[in-house]
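Each remark here refers to the structure printed beneath this line.
The values are calculated or read from the model by the stated rules, or taken from the named source; none is laboratory data. Given the structure is predicted, the values throughout are model-derived calculations rather than measurements. Because the Cβ atoms are built from the backbone with ideal geometry, glycine has one as well, and the counts that use them run over all protein chains shown.
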Amino acid sequence: MTAPDKATEIKGAIALVLATLTALWGWLGWAIIIWVFCVLLDYVSGTAAARRAGEWSSDVARDGVWHKLGEIFAVLVAALCDIALRVIVEGSHVPIGIEIGPIITPVVLLWYIITELGSIIENAGRLGAPVPHWLQKSLKAYKDKLDADQGAAEPVLDFVTEYTGKHARESETQPGDPEGDSGETEGPDPPDDV
């Protein structure tokens, strides 16, 4: 077997594994993996930067672990909120015209990923690596945008719309719309008043 053939086999195997994993957990699963990777990289880079500066302390390292554990709890709470929203909406049997999927979890994950990336960049600078100013500025601006009260969920809603083909903010079809109104109503039959 030649080297190009072996490389093709390896690429095919990697593509198969990635496609299988994506089919199992979708894009939200990949966001979680990216966040976990960022958490680990931040902890390792922070530890390395502290050791380089001669400032490493087991108390500070322990506080870092508690901090990361708090992030895990926050993401779990966001996921529980998404589950509760879905259960409430689907359990009400009131057709609202939108499909409820993960809404809160992606916003929380995005905020944590951006925060972790900013911290990793800071740690890289403390380790002596030249860090482009525009990268630091961009990450800070994006984090600030996510922190703002108005429109914090916009990036996630746009992402969901782009990758699922479903508009997360409104119904795909409105009653009376020729494409979506077949004249039939969904949901339970109205009660008979006699």
Q: Can you work out which of the residues in the stretch 96-122 that are in a loop (DSSP other than H, G, I, E, B) and in contact (Cβ under 8 Å) with a residue 60 or more places away in the chain is surrounded by the fewest Cβ atoms within 10 Å (Cβ to Cβ)?
A: I96
Q) Restricting attention to the stretch 70-92, which residues are exposed (fewer than 11 other Cβ atoms within 10 Å of the Cβ) and modelled with pLDDT of 90 or more? A) G70, F73
